[in-house]
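Derivation of every value follows stated rules applied to the coordinates shown; laboratory data play no part. Everything quoted here is computed from the prediction, not taken from an experiment. Glycine also receives a Cβ, built like all others from the backbone with ideal geometry; neighbour counts cover every protein chain displayed.
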Amino acid sequence: MSEQSSPRTDIGVSLFLIVVCSLVLWEARKIPPGVYEPLGSGPIPRAVAGLIILLCLVVLVQALRRMARGEGVTTGEPEFPLRYLDAVGVVVVTLIYILGLALELTSFAILTTVFLTFTIGFLTRFRRRALAVALVLGLVMGFGCEYLFTQVFVVDLPTS
Amino acid sequence: MELLQAIGTIFTPWPFFYMMIGTVLGITVGAIPGLTGAMLIALTLPLTYYMTPINAVILLVSMYVGAISGGLITATLLRMPGTPAAVMTTLDGYPMARSGRPGRALGLGISASFVGGMVSWVALVLLAKPLSIIATRFGPFDYFALILMAMVLIASVSQGSLVKGLISGLLGMLVSMPGVDPSTGMPRLTWDWYMLNGGLKLLPVLIGVFAVSQIIGDILELERKAERVAMSRSGILMSLIDWKRQAFNLIRSSVIGTWVGILPGVGASIGSIMAYSTAKNMSKTPEKFGTGSEEGIVASEAANNATVGGALIPLIAMGIPGSVIDAILIGALMIHSIQPGPTLFINNADIVYAMMAACLVANIVMYLVMTGAVGFLAKLMYLPRTFMLPTILVFCVIGAYALDNTMLDVWVMMIFGVIGFFLERARIPLGPFVIGFVLAELAESKLRTGLMITAGSYEPLFTEPMSASFMAIALVLLVWPIYGDWKRSRRAKAAAAAPPDDG
């Protein structure tokens, strides 16, 4: 990948950070001033959030100028195809897996087996041989981790 | 004497087991492209809750030593640095391997890594205690100014622009602020949500930023195909003539690496780049650099390993992380109720000496394991990432959950994984984020203590010699890159405005 990010990414990320920091600034208004000490709890979060907004504005302006000059719109794109759909898919499946654990749908071992089999299958385009290996790996990881963590390391697992 | 005792302790069964496991796992992770030492250490932290603090630091420091070294294998055989620290090794390691001498390239790198580690260990032993004695004299404003200087330094030397480095560091500080303010006992930035009263914990944020974001990035780049060179062990051991020929380069690069490591937050990549550039500038054959130069491999590897011992010096002496992995180590010490900083030598001397002993023994084990098993380690590069990445995601979930047995931490991990991924895409470095997160509480408490002492006056920050010096350095570090950019753009504009030379 190139050293420089694309202006579009810069704009998106800096806008997101400006929104987050504005929310922080809004929330920080509620913090009362210090009673026993000169500074209190509020000024530092306010200063930090304000500085981030300021710096993000600098990045935003720089990105807009680069975009206006037609510079670097395609920078950041490597020579090989990026698997955006796979990345989004894995994040979504992981969120579903975590939700399953949070709702205690079934045991950790079973949920982990299903998660690994499906995710690996998804990344390998559900090739039959890969799917078989994924199922074995899922079973080993699911039941193995449940035993290892709860019985050997004595670490609690979700749903265990 | 205490150090000798600590070295002796390493050779007792459990500490020795943890040291071996740590070093081998570190090398293994370093040798697998896409996995980093920071990721491994963040994921291992939950397992250390149930260990004694000494065993925990032995395991983590050994992983640190191993992970920095393992990156050399992929850098040489795949032209893909296994860890960012090995990036300069690719420039000469890969061409040398491609010209039919992979064993020679790896042998030079392994030996240089060993020497770098040993030189920095000597510096660690000699400098940590005197520096911690000096640090005990720091007042609250001195400490605040030191942290401010460290933050600016980290931002200014991170990859990409100074502005983005600063955004990252400040964002890390901001993320550490929600929760009950320890000074007043009042909740802040919680949006009246009681679950945020405890604040965002370090571990889920770390696993998210360093492991989950990396996994998302790796999945995105699954199609990346690396050029491969077949492994051969021929030339894996350096001869006496080699040692003699490279002696000065080895020592110089190790000293540079150690020095860079000591600077707060400046990691192995910068050490390696500086040593490589120095070696090139001082070489009789600078034209060979980038084409398989032995000096280049030696300089890069000696320096990146030397940063390990160097970076432990500010951690032990002042509680300031010398690198991203050191920031995670600070988190590990805090989990075990150990306060890093100048009093560490007084309150937990056994921990300090265990760290030093682990650094030494792990370095020796690293040399032996890498020399003996480099052929096997090279095969790890070919592990299919489609199987590996989802498996690591499961460990991320377990690691985040195990901290407090709450699913909130797992959600926090995922959120920061996605945020970390987008920050990386925008070339906002993640190192300053973590260091800002770890140091924010200390910086704020020192500033507020200082202001209480002076009844709200900021004057000592600019008049006390120590804090004034740190503030001045911070200012120079902040202004220098901006001035450099301004000068460059002026020169570019002047060149563009100049009439074309018909000559």
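What is the sum of charges around B:A105, taking Lys and Arg as +1, Asp and Glu as -1, for the other residues whose C-beta is under 13 Å from the C-beta of B:A105?
0
If the cut-off is a Cα-Cα distance under 20 Å, which aspartates and glutamates reach B:K493, setting aside same-chain residues fewer than 8 apart in sequence?
Cα-Cα hits under 20 Å: A:E71, B:D485, B:D501, B:D502.
Could you rank the peptides B:422-428, A:129-135 by their average count of other C-beta atoms within 10 Å per residue, with the highest value first? Could the numbers behind the result be given before it?
Details: B:422-428: 22.4, A:129-135: 16.1.
With the highest mean Cβ count within 10 Å placed first, the list reads B:422-428, A:129-135.
From other protein chains only, count the Cβ atoms within 10 Å of every residue's Cβ in B:421-431, then give the mean. Please report the intermediate quantities before stating the final value.
Working: counts 2, 5, 5, 4, 8, 14, 11, 7, 0, 0, 0.
What the average comes to for B:421-431 is 5.
What is the average number of partner chain Cβ atoms found within 10 Å of a Cβ in A:81-91?
Working: counts 5, 7, 5, 2, 2, 6, 9, 3, 1, 7, 9.
The shielding value for this peptide is 5.
Could I have the simple spin-label model distance between B:M334 and B:L240, label points 7 Å from Cα toward Cβ, reported in nm to one decimal?
Calculated label separation equals 5.3 nm.
From other protein chains only, count the Cβ atoms within 10 Å of every residue's Cβ in B:189-198, then give the mean. Could you put the intermediate results ahead of the total?
Details: counts 10, 2, 5, 2, 0, 0, 0, 0, 0, 0.
Averaged over the peptide's residues, the number is 2.
How large is the dipole of region B:2-486 about the Cα centre if only Lys and Arg carry +1 and Asp and Glu carry -1, each at its Cβ, rounded to the nearest 20 debye? Write out the running numbers ahead of the final one.
On the way: 25 positive and 24 negative charges, 272 e Å.
The dipole magnitude comes to about 1300 debye.
Listed highest first by mean packing, meaning other Cβ atoms within 10 Å per residue, what order do B:93-104, B:235-246 come in?
Numbers: B:93-104: 21.7, B:235-246: 14.3.
Final packing ranking: B:93-104, B:235-246.
Would you list, by chain and number, the aspartates and glutamates whose Cα falls below 14 Å from the Cα of B:K446, excluding same-chain residues fewer than 8 positions away?
Answer for B:K446, where 14 Å is the Cα cut-off: A:E37, B:D142, B:D181, listed by chain and number.
Ratio of alpha-carbon Rg to the 2.2 N^0.38 Å globular estimate for region B:2-486, to two decimals, please. The partial results should precede the final answer.
Values: Rg = 21.7 Å, N = 485, 2.2 N^0.38 = 23.1 Å.
The value comes to 0.94.
With unit charges on the beta carbons (Lys and Arg positive, Asp and Glu negative) and the dipole taken about the Cα centre of the protein assembly as shown, which residue among B:A455, B:T52, B:I251 sits farthest to the positive side?
Towards the positive end, the residue furthest out is B:I251.
Tell me the Rg and the Dmax, in Å, that the Cα atoms of region B:294-374 produce.
Spelled out, the Cα radius of gyration and Dmax of region B:294-374 are 14.6, 46 Å.
Please list B:380-387, B:247-254 highest first by mean number of surrounding beta-carbon atoms within 10 Å per residue.
Numbers: B:380-387: 16.6, B:247-254: 21.0.
Highest-to-lowest ranking by the protection proxy: B:247-254, B:380-387.
Answer rounded, prolate or oblate for region A:84-152, using the Cα gyration tensor with square roots of eigenvalues a ≥ b ≥ c: rounded when a/c is under 1.5, else prolate when a/b is larger than b/c, else oblate. Intermediate values should be presented prior to the final figure.
Values: a/c = 2.58, a/b = 1.31, b/c = 1.97.
Oblate shape, in that a/c is at least 1.5 and b/c is the bigger or equal ratio.
If each Cα of the protein assembly as shown is one equal point scatterer, what is log10 of I(q)/I(0) from the Debye formula at q = 0.07, 0.10 Å⁻¹?
Taking Cα atoms of the protein assembly as shown as identical point scatterers yields -0.45, -0.97.
Taking 7 Å along the Cα-to-C-beta vector as the label spot, tell me the A:R29-B:D404 distance in nanometres, rounded to one decimal.
Rounded to a tenth, the inter-label distance reads 2.9 nm.
Anything in chain B that counts as a DSSP H helix reaching 24 Å or more along its axis (C-alpha) with Kyte-Doolittle mean of at least 0.0? List them, would you?
Values: long enough: B:13-31 (27 Å, 1.28); B:53-77 (37 Å, 1.70); B:102-135 (46 Å, 1.44); B:140-157 (26 Å, 2.02); B:240-262 (32 Å, 0.45); B:294-318 (37 Å, 0.82); B:349-379 (40 Å, 1.67); B:385-402 (25 Å, 1.63); B:407-425 (27 Å, 1.58); B:431-453 (33 Å, 1.04); B:465-497 (46 Å, 0.48).
Membrane-span-like by this criterion, though nothing is claimed about a membrane: B:13-31, B:53-77, B:102-135, B:140-157, B:240-262, B:294-318, B:349-379, B:385-402, B:407-425, B:431-453, B:465-497.
For B:K280, give me every one of the aspartates and glutamates with a C-alpha distance below 20 angstrom, ignoring sequence neighbours fewer than eight places off in its own chain.
Partners found: B:D92, B:D242, B:E294, B:E295, B:E301.
What helices in chain A pass both tests, a Cα length along the helix axis of 30 Å or more and a mean Kyte hydropathy of -0.5 or higher, using whole DSSP H runs? Kindly include the intermediate steps, with their values, before the conclusion.
Values: long enough: A:7-28 (31 Å, 1.43); A:43-68 (37 Å, 1.70).
Qualifying helices: A:7-28, A:43-68.
Quick check: from the Cα gyration tensor, does chain A come out rounded (a/c under 1.5), prolate or oblate? Spell out each step's value before the answer.
Details: a/c = 3.72, a/b = 1.39, b/c = 2.67.
Judged from the Cα gyration tensor, chain A comes out oblate (a/c at least 1.5, b/c at or above a/b).
Would region A:7-68 count as rounded, prolate or oblate if I go by the C-alpha gyration tensor, calling it rounded below 1.5 in a/c and otherwise prolate when a/b exceeds b/c, oblate otherwise?
Values: a/c = 5.62, a/b = 3.09, b/c = 1.82.
It comes out prolate by the Cα gyration axes.
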